[in-house]
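A.B. asks: First the structure, then my questions, so here it is.
The values are calculated or read from the model by the stated rules, or taken from the named source; none is laboratory data. Only a predicted model underlies this, so the values are computations on that prediction, with no experimental measurement involved. Using ideal geometry, Cβ is built from the backbone for each residue, glycine included, and neighbour counts are taken over all protein chains shown.
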Amino acid sequence: MECSEPGAIRDEELLAYLAGEKVRPFVEQHIARCQRCAAQLADYERIELVLTSKLFRFDCPPSHVLVKTRWECSVKNLLPRSITI
Ligand SMILES: [Zn+2]
């Protein structure tokens with residue numbers, strides 16, 4: 001499937017649109033009428049969903065860091081008394 005106006009919008013603009021960023025009004029209009037770009041946008045959306053589900057805990061600190069932080073909070077009486085280590 002070909003874009004109805006090749007080069008009319010860039011991939012970066014599709015990604016920005018997907019992220020909810022402000023894009024040129026033309027981008028939204030083009031996606032509404034171009035099957036190829038709408039399909040491309042749907043592909044990016046699927047990829048983002050997969051990545052988000054796979055990387056959801058990617059930045060979570062390792063358990064020994066969490067335990068240490070929790071211990072430090074306990075020592076400094078930063079945790080409510082109901083939380084024990
Ligand atoms: Zn297009």
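Residues checked against (1) modelled with pLDDT of 80 or more; (2) within 15 Å of the ligand (Cβ to nearest atom); (3) in a helix (DSSP H, G or I):
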site: 48; (1), (2), (3): yes, no, yes
site: 54; (1), (2), (3): no, no, yes
site: 57; (1), (2), (3): no, no, no
site: 61; (1), (2), (3): no, no, no
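A.B. asks: Which residue pairs have Cβ atoms under 6 Å apart, sit 6 or more places apart or on different chains, and have a first residue in the stretch 1-21 that is farther than 15 Å from residue 43 by Cβ and a second that is near the ligand (Cβ under 9 Å from one of its atoms) and assigned to a loop (DSSP other than H, G, I, E, B)?
C.D. replies: 4/34
A.B. asks: Sticking with this one: Which residue pairs have Cβ atoms closer than 8 Å, lie 6 or more positions apart in sequence or on different chains, and pair a first residue in the stretch 24-50 that is under 14 Å from residue 6 (Cα atoms) with a second residue that is of a type in the set (Ser, Thr, Tyr) and more than 10 Å from the ligand (Cβ to nearest atom)?
C.D. replies: Hits for this filter: 27/17; 31/17.
A.B. asks: Can you tell me which residues in the stretch 7-46 are outside any helix (DSSP H, G or I) and within 16 Å of the ligand (Cβ to nearest atom)? Steps first, answer last, please.
C.D. replies: First, the residues of the stretch 7-46 that are outside any helix (DSSP H, G or I): 7-10, 19-24, 34.
Within the stretch 7-46, 7, 8, 9, 10, 23, 24, 34 qualify.
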